[in-house]
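J.: Following this message is one structure expressed as structure tokens.
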Amino acid sequence: MTSLRQCMRMLAVAAVFAIVAGAADAQQVVKIGLLATLEGPFAAGGQDGMRGAELAVKERNGMVAGKKIEIIKASSDAKPDVAVNATRKLVEQDKVDIMVGPLSGSEGIAVKNYSKTQPGTTFINGSSGAQATTLQDPSPNFFRFNTEGAQWMVGLGEYALKTKNYKKMALIAEDYAFPYSQVQGFMTEYCKAGGRVTHKAWVPLGGKDYSSVIAKLPTDVDALLVVLGGADAVNFLTQYEQSGGNKPMVGGSITVDQTVLNFKGKRRESLLGTPSAGPIADSYDGAEWKKFVADYKANFKDGFPSPSLFAYVYYINMKAALDGLDAVKGDLSGGQAKYREALKNLKLQTPTGVVTLDENRQAIGTTFVTEVAAGADGVYYNKVVKVVPNVNQRLGMSKADFDKVGLGSRDVPNCP
Amino acid sequence: MSASQWRKAMNAGAGRTAWPKAAAAPAPPRAAAWPARGAATRGSARSLRWLGARVRARHVLVLLAVLAYPLLAPPFLTFQIGAQSLALGLIALSLTFLAGYGGMVSLAQMTVAGIAGYMYAIFATSGTDISLRWPWWLAVLLALVIATVCGTLIGWFSVRTEGIYTIMITLAIGVAFFYLVQQNYSIFNGFQGFQSVKSPRVLGVELRDPIPFYYLALFWSLAGYFGVKYLLRAPFGVALQGIRDNPRRMAALGFNVTAHRVAAYAVAGFIAAIGGILMVWYNGLVSPGSVGTSWLINILIIAVLGGMRHPIGPFIGAIVFVLLQNFAVDLVDRERFNLLIGGIFLIIVLFSPDGLLGWWAGGAARLRAASARGRWGRRVETGEA
């Protein structure tokens, strides 16, 4: 009982301390709030996101324009209401100047909506990738320096049609916003170039049994577009193989991951040559990328063998926050007007090339098209076959054309 | 004959005629551990006298404190700590009413609140095209009615079970609703749920602003608190507590046990529905995560943490819960703060099965014992002098 009383006392003291600290005027310190998911389904990804953001701060030795950078972390569990509560605490209680986060798509939309009520703080995305965050009702103080799900598939449609010669395809994808975006990114290009997607199967997230879906797959297609998470993709592949399926596969950005590359089924060889696309590629041989991977490995002994997508995206968003501060010499006066102007005009040097922002403060960046290849030791990896620079959120369409199509959904786009 | 068959037979025997009889001529059986306060009082003079006898200094102090709180605290503490605690407390109150006084632990109270939230988002205005954009008062009315009906139906499904089976069946209903909203796109907008749900603007006041929202939550919390307190002394509440303690005997006395239990679910459903509307205004969104398993359990934690022996318990539990959720992250390593939250919950439940209220009662009893000893000691002294 004493221990609990002490705990409660500590809690009370901490609460008072937090209020006092929040009120104290911090001239020489820039406070940056950092939100990622340290709980729930994306806990491992969130932790790696934090590593990426820390790496960006370390590169500047924790200082920008003579001011010390103080990082205040918070956690959510990939639910939008929890993310907004955590963000509200950082902004209103801890009084951060800049906010970096959150991690997942629906969190991103919720935090963007909250940012409208806090015009005094600048919000920079973590790794959330919903199209709607910046395309629908954008917020003037929310910036996103990473490309999103639809942009990640640009280049793959043409590659599948022209290089791989897949003229007719069937689609299997999970039934929520991220795969909708991915499919839109693929099909916009693929359909325009003359390809046809004759069958669409939307499956529930985390489904285990694909037999009914496989039974309905048409046999007169050249390949399957599979936009499933890695573990689901292995389930699908196993069942597809057992039912005698033999079509080649084209993967989404999170489909052909390590679990798929280590697939041990009889048709393992057929994985060779499976194309997919995404914002990073482990085997990319750009000097900047190699340096980033080496830095990550040197700094985080407990990290992954290679930085994950989350680490990379948090890294570039935090780097953007710091580069922007550097550009204005740490001047956040005038409701951060100068700082935001600097962010808008930033030509951000990232390990995968230069990123600029469009009028909705959304990144225009690079996408990699990769293909599964066998290394010297027989280990499969994703080989870079095409680098597509300057991919924008409207997928190369004009605003009017894109608005006519709208955001990706079950039925959009369509070319049977 | 098994217990449930026996009870069924008794209920069938008691029949529908037991309802008006029970309401007109209550035979209040005293609960063993929680003595009931007798029948409802009549006449203004009597109620004034009753008020004078019951209101203590600490009641006035607490009321003044909660009224003055938003004027002293910054908006963050008013909104995220104060108002959120009140709204969550209101939902947990519905569980305390069911479990503490009806003996039925339902994990689906957050589901009922979630139904209210979803219905409001569907009928009123949000960022999704599914929303019908009807006026807010109509949406609130419909949401309350639908959620209360659903709460009653959940009760109707689960009243014939006891103990762990009630928990199981309500958990199953809660999880089923979670998967329904996650996978249905035509009505519930699936994985995304409803974002930017508009809260109403009444007489030029934005209800979602910290101070108006705090008072709104406070009003409904007080209404819920006094409503439950009143109900517990009313014939219905007394009969409910009797049913909690000995359903077979109550059935033998002519009470329709099932009907009382279902009615208790209806009342709890209404309270949870109000809490659900407050939560959807508070969050400005409702998504499958709002009705997920973790929230079903959180409501149970809040109710148990505060203590189920008094309707103030869930509010105390909610304050502790919300404080921990917000500030535990400042006390320990950011990646381990859930350990602290879990640890404190464990300590509270381990050392006081009655939650924080149990500590209060234990402390007060010790204090009374000590002061009684002191007075007795003084009297002895004066006697000697």
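Here, each number is a calculation from the coordinates, and none is a lab measurement. All figures in this text were calculated on a predicted structure; none of them were measured in a lab. So basically every Cβ, Gly included, is an ideal-geometry build from the backbone, and we count neighbours across all protein chains shown.
J.: Could you tell me the relative contact order of region B:79-292? Use alpha-carbon pairs under 8 Å, at least six residues apart, and round to a whole percent.
T.: Working: 343 pairs, mean separation 87.5, N = 214.
After rounding, I find 41 percent.
J.: Please list, ordered by chain and number, the residues whose modelled amide H lies under 5 Å from the amide H of A:Phe143; skip anything fewer than 5 residues away on the same chain.
T.: The list, which skips near neighbours in sequence, is A:Phe123, A:Ile124, A:Asn125.
J.: For A:Cys191, A:Cys415, what ranking results if the residue with the fewest other Cβ atoms within 10 Å of its Cβ goes first?
T.: Numbers: A:Cys191 17, A:Cys415 13.
By the 10 Å Cβ count, ascending, the order reads A:Cys415, A:Cys191.
J.: Using DSSP to define loop residues, name the trypsin sites (Lys or Arg not before Pro) in region A:288-386 whose beta-carbon has at most 13 other beta-carbon atoms within 10 Å.
T.: Working: sites: A:Lys290, A:Lys291, A:Lys297, A:Lys301, A:Lys319, A:Lys329, A:Lys338, A:Arg340, A:Lys344, A:Lys347, A:Arg361, A:Lys383, A:Lys386; in loops: A:Lys301, A:Lys329, A:Lys347, A:Arg361.
When the trypsin sites (Lys or Arg not before Pro) of region A:288-386 are filtered for loop state and at most 13 Cβ neighbours within 10 Å, A:Lys301, A:Lys329, A:Lys347 remain.
J.: Give me a single rounded figure for B:281-293: the average over its residues of other chain Cβ atoms within 10 Å of their Cβ.
T.: Per-residue shielding by partner chains comes out at 4.
J.: Starting from the Cα-Cα distance between A:Ala201 and A:Ala374, subtract it from 0.36 nm times their residue separation and give me the gain in nm to one decimal.
T.: Details: separation 173, 0.36 × 173 = 62.28 nm, distance 3.03 nm.
Value of the extension gain: 59.3 nm.
J.: In whole angstrom, and with the biggest value first, how far do the Cα coordinates of region A:297-400 range along each principal axis?
T.: 58, 44, 16
J.: Within 10 Å of each residue's Cβ, count the other Cβ atoms and sort B:His310, B:His59, B:His260, A:His199 from fewest upward. Mind dumping the intermediate values first?
T.: Details: B:His310 21, B:His59 10, B:His260 24, A:His199 16.
Starting with the residue having the fewest Cβ neighbours, the order is B:His59, A:His199, B:His310, B:His260.
J.: In whole Å, largest first, what are the principal axis extents of the Cα atoms in region B:79-292?
T.: Extents along the principal axes: 54, 36, 28 Å.
J.: Another question, then. Go ahead and run the numbers for FRET between A:Asp282 and A:Lys329, Cβ-Cβ distance against an R0 of 35 Å, rounding to 0.05. Spell out each step's value before the answer.
T.: Details: r = 37 Å, r/R0 = 1.06.
Computed FRET efficiency for A:Asp282 and A:Lys329 comes out at 0.40.
J.: Ok, one more. Using just the C-alpha positions of the protein assembly as shown as equal point scatterers, what log10 of I(q)/I(0) does the Debye formula give at each q in 0.05 1/Å?
T.: -0.32
J.: I've got another one for you. Helix hunt in chain A: which complete DSSP H runs extend at least 20 Å axially by C-alpha with mean Kyte-Doolittle at least 0.5?
T.: Details: long enough: A:2-23 (31 Å, 1.37); A:43-59 (24 Å, -0.41); A:177-192 (22 Å, -0.28); A:309-327 (27 Å, 0.70).
Once both thresholds are applied, what remains is A:2-23, A:309-327.
J.: May I ask you to compute the full-extension gain from B:Val145 to B:Ser371, defined as 0.36 nm times their residue separation minus their alpha-carbon distance, rounded to one decimal in nm? Each step should come with its number before you reach the end.
T.: On the way: separation 226, 0.36 × 226 = 81.36 nm, distance 5.09 nm.
Stretched fully, the B:Val145-B:Ser371 segment lengthens by 76.3 nm.
J.: Can you give the mean number of other chain Cβ atoms that lie within 10 Å of the Cβ atoms in peptide A:83-95?
T.: Working: counts 1, 5, 7, 3, 0, 5, 8, 1, 1, 7, 9, 2, 1.
Going residue by residue through A:83-95 and averaging, the value is 4.
J.: Related question: In the neighborhood of B:Gly284, defined by Cβ-to-Cβ distances under 13 Å, what is the net charge if each Lys or Arg adds +1 and each Asp or Glu adds -1?
T.: +2
J.: Still on this structure: What Kirkwood hydrodynamic radius do you get for region A:190-244 when you take the inverse of the mean 1/r over all pairs of distinct Cα atoms, in Å?
T.: Values: mean 1/r = 0.0809 Å⁻¹.
This gives a value of 12.4 Å.
J.: Right, another one. Using only the alpha carbon atoms of chain A, find the Kirkwood hydrodynamic radius as the inverse mean reciprocal pair distance, in angstroms to one decimal.
T.: Values: mean 1/r = 0.0447 Å⁻¹.
Across chain A, the inverse of the average 1/r is 22.4 Å.
J.: Here's another thing I want to ask about it. If you take every residue apart from A:Ala150 with its C-beta less than 12 Å away from the C-beta of A:Ala150, what net charge results, scoring Lys and Arg +1 and Asp and Glu -1?
T.: Here the charged neighbours net out to -1.
J.: Report the local net charge at A:Lys383: Lys and Arg +1, Asp and Glu -1, summed over other residues whose C-beta lies under 12 Å from its C-beta.
T.: Details: positive: A:Lys386; negative: A:Asp282, A:Asp285, A:Glu371.
Residues close to A:Lys383 contribute a combined charge of -2.
J.: Please arrange B:Phe194, B:Phe79 by counting, for each residue, the other beta carbons lying within 10 Å of its beta carbon, fewest first.
T.: Values: B:Phe194 26, B:Phe79 22.
Least crowded to most crowded, the residues run B:Phe79, B:Phe194.
J.: Also, quick follow-up: Based on the Cβ-Cβ distance of A:Ala337 and A:Val412, what FRET efficiency does E = 1/(1 + (r/R0)^6) give at R0 = 41 Å, to the nearest 0.05? Before the final figure, lay out each step's value.
T.: Values: r = 38 Å, r/R0 = 0.92.
Efficiency, from the Cβ-Cβ distance: 0.60.
J.: Right, next: Under the Karplus relation 6.51 cos²θ - 1.76 cosθ + 1.60, θ = phi - 60°, what is the ordered set of whole-Hz ³J(HN,Hα) values for region A:126-140, x standing for Gly and Pro?
T.: Couplings: x, 9, 5, x, 6, 4, 5, 3, 10, 7, 9, 6, x, 9, x Hz.
J.: Can you compute the modelled spin-label distance between B:Ala223 and B:Ile187, with each label point 7 Å from Cα toward Cβ, in nm?
T.: Placing both labels 7 Å along Cα→Cβ, they lie 2.6 nm apart.
J.: Only bridges whose two residues both fall in chain A count here: according to DSSP, what percent of them are antiparallel, nearest 5?
T.: Numbers: 20 of 53 bridges.
Just about 40 percent of them are antiparallel.
J.: In deg cm²/dmol and to the nearest 500, what is the mean residue ellipticity at 222 nm of chain A if only DSSP H runs of at least 4 residues count, each as -39500 (n - 2.57), divided by the residue total? Intermediate values should be presented prior to the final figure.
T.: On the way: 13 runs with 153 residues, N = 416.
One gets -11500 deg cm²/dmol as the mean residue ellipticity at 222 nm.
J.: Still on this structure: With the crude spin-label approximation of a point 7 Å out along Cα→Cβ, what separation in nm comes out for B:Ala45 versus A:Gln118?
T.: For B:Ala45 paired with A:Gln118, the spin-label model returns 6.0 nm.
J.: Further question on the same structure: Taking Rh as the Kirkwood radius computed over C-alpha pairs, what is the Stokes-Einstein D of region A:70-205 at 20 °C in a medium of viscosity 1.002 mPa s, expressed in µm² per second? Let's see the in-between values first.
T.: Working: Rh = 16.5 Å.
Translational D for this selection: 130 µm²/s.
J.: Taking +1 at the Cβ of each Lys and Arg and -1 at the Cβ of each Asp and Glu, which of A:Tyr166, A:Ser127, A:Ala223 sits farthest along the dipole of chain A towards its positive end, judged by Cα position relative to the Cα centre?
T.: Selected residue: A:Ser127.
J.: Apply the Debye scattering formula to region B:166-278, with a single equal point scatterer on each alpha-carbon and no solvent, then give log10 I(q)/I(0) at q = 0.11, 0.23 Å⁻¹.
T.: -0.61, -1.21
J.: A follow-up question, please. Averaged across A:104-112, how many Cβ atoms of other chains sit within 10 Å of each residue's Cβ atom? Don't skip to the answer; put the middle values down first.
T.: Working: counts 0, 2, 8, 2, 0, 7, 7, 0, 2.
Mean inter-chain Cβ contacts per residue within 10 Å come to 3.
J.: Another question, then. Using the basic label-point model (7 angstrom from Cα toward the beta carbon), what is the B:Ala172 to B:Thr128 distance in nanometres?
T.: Spacing of the two 7 Å Cα→Cβ label points: 2.7 nm.
J.: Okay, next question. Output the relative contact order of region A:267-416, whole-number percent, from Cα pairs under 8 angstrom with separation of 6+ residues. Write down the numbers at each step before the final one.
T.: Details: 170 pairs, mean separation 37.7, N = 150.
The value is 25 percent.
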